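Only one structure is covered here, and it is reproduced in the block below.
The values are calculated or read from the model by the stated rules, or taken from the named source; none is laboratory data. Being a predicted model, the structure only gives us computed values, none of them experimental. Cβ sites come from the backbone with ideal geometry, for glycine too, and all protein chains shown count toward neighbours.
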Amino acid sequence: MMRPRHLAVLSAALELMPGCGRDDVASSSFTSGPHPITSTASSSGSSGSSTSTSSSGSTSGEDSGSGAASATGTTAGNMSTLDMGLVPDFGGQPIGCQGKIDFLFVISSWYNMKTVQVQLQEAFPAFTAMLEDEFADFDYHLMVVDSSTPIMQNTCDACYDCTGCMKPGCAEYGGPEDYPCKGPFVECDVVIGAGVTITGNFNATNKRCDLFGGNRYIIKGEPDPTAAFKCIATVGEGPKTPLPMRGMMAALKPDMLSGGCNDGFLRKDALLAVVVLNGDQDNGTPGTPQDWYDALVAAKGGNEEAIVTLVLSNDDELPDGVCEYDPIGPNPLRLFAEAAAHGRFESICVESYIPALKATAATIIEQCSLLIPG
């Protein structure tokens, strides 16, 4: 059966169109320094860039037709044209996510990532404000995964001289004086894909983040979600090679979600929103971008309609890219975003992530209204 989309979706989309911006979005107390990534243009947002990024490169998502189209079809400028779109019949009536959303942030802790981590934190209140306005009962799980190797457990006394504190590269670069050498640590602190509750890196939080509920992710009831997100999302910058797709897939393995480090994070009746922040390409995770997306879909029981993705990464390969790197071929993270039924790719080099996150929030609202829990 087919039905019109919810009016709230159109309203949220119109707010994102030029001249329809929100003026009442909560502001952040976080501040940012100079941008570490050189860009060719100053930009106050990137809500329209996903349409341009789809014009170059071929992806496994493009082979399926709908994947690449919808990856660029979530921009604010064209969402209003979809408000009378039709949804497929999955064998049940959409009951919506009822405000239940599981957020997975996969954040790189590679060199020069601190400033973009701050930009993400600055955009966080605007992102959640849209969702709070839409859902009377906004029941969230929010987890951060470090795309690099987790904190290394050790027993050194003086972190600044790097006696076993940070590997690899620590002997050459030295270690941060506030590195939490003695923890205390638990087993999940050193498991790839486990939710971050303690960081150890240059310009990182470098302490344990005490989260309400005792999980490795933030849940509804957290006294100060913005401060808690800042604590776990400040993974810093250093010599730990980022493999974001490895971290994403590891976080959603069945043994991690049931009785493991991320126990209870993924709920069957919740929408899954994945946000990837990674300045470099992921050329090290085994498999193809389609394989990575298929693993994400498998974690949601095969239900693509229950997944929304946003990738903020290097766009130097694109003719209108903002980053000023030497192109090394198609970015696999862009291809991952375009393989998704409801994916979005944006340049990591823009000055604000608020437009991209607000456009993603509009897609989340839309998909939530159509959700048939798997």
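How many of the residues in the stretch 287-303 are in contact (Cβ under 8 Å) with a residue 12 or more places away in the chain and farther than 29 Å from Gln121 by Cβ? Residues in the stretch 287-303 being in contact (Cβ under 8 Å) with a residue 12 or more places away in the chain and farther than 29 Å from Gln121 by Cβ: 6 in total. Checking each residue in the stretch 246-270 for being under 16 Å from Ala295 (Cα atoms) and among the hydrophobic types (A, V, I, L, M, F, W, C) picks out Met248, Met249, Ala250, Ala251, Leu252, Met256, Leu257, Leu266. Taking the criterion of being touching a residue at least 24 places away in the same chain (Cβ under 8 Å) and either in a loop (DSSP other than H, G, I, E, B) or over 13 Å from Phe345 (Cβ atoms) (or both), the residues of the stretch 309-324 that qualify are Asn314, Asp315, Glu317, Leu318, Pro319, Asp320, Gly321, Val322, Glu324. Of the residues that sit in the stretch 351-374 and are within 19 Å of Ala299 (Cα to Cα) and either surrounded by 24 or more Cβ atoms within 10 Å (Cβ to Cβ) or not aliphatic (A, V, I, L, M) (or both), which one is modelled with the lowest pLDDT? Taking the candidates together, the pick is Gly374.
Looking only at helices (runs of 4 or more DSSP H) that lie completely in the stretch 180-268, which have at least 1 residues being under 24 Å from Lys114 (Cβ atoms), of a type in the set (A, V, I, L, M, F, W, C) and at pLDDT 95 or above? Even if it seems obvious, please write down each step before you answer.
Working: elements: 225-233, 244-251, 254-257.
By residue number, 225-233, 244-251.
Consider Thr360 carefully, then state whether it is outside any loop (DSSP other than H, G, I, E, B), among the hydroxyl-bearing types (Ser, Thr, Tyr) and in contact with a Gly (Cβ under 6 Å, 6 or more places away or on another chain).
Working: outside any loop (DSSP other than H, G, I, E, B): yes; among the hydroxyl-bearing types (Ser, Thr, Tyr): yes; in contact with a Gly (Cβ under 6 Å, 6 or more places away or on another chain): no.
No.
Are any of the residues in the stretch 243-250 surrounded by fewer than 17 Cβ atoms within 10 Å (Cβ to Cβ) and under 18 Å from Phe345 (Cβ atoms)? No, the stretch 243-250 contains no residue that is surrounded by fewer than 17 Cβ atoms within 10 Å (Cβ to Cβ) and under 18 Å from Phe345 (Cβ atoms). Annotation note: of Asn303, Asn314, the sole residue that is surrounded by 20 or more Cβ atoms within 10 Å (Cβ to Cβ) and out of contact with any helix residue (DSSP H, G or I) (no Cβ under 6 Å at 6 or more places or on another chain) is Asn314. Filtered by the rule that a residue be touching a Cys at 6+ places or on another chain (Cβ under 6 Å), aliphatic (A, V, I, L, M) and surrounded by 22 or more Cβ atoms within 10 Å (Cβ to Cβ), the stretch 175-224 gives a lone residue, Ala194. With the requirement that a residue be at pLDDT below 95 and within 21 Å of Met113 (Cβ to Cβ), what does the stretch 324-350 give you? Within the stretch 324-350, Glu324, Tyr325, Asp326, Pro327, Ile328 meet the criteria.
Okay, residues lined up against (1) within 20 Å of Asp102 (Cβ to Cβ); (2) touching a Ser or Thr at 6+ places or on another chain (Cβ under 7 Å):
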| position | (1), (2) |
| --- | --- |
| Asn206 | no, yes |
| Gly214 | yes, no |
| Lys220 | yes, no |
| Ala228 | yes, no |
| Val235 | yes, yes |
| Gly238 | no, yes |
| Thr241 | no, yes |
| Arg246 | yes, yes |
| Met249 | yes, no |
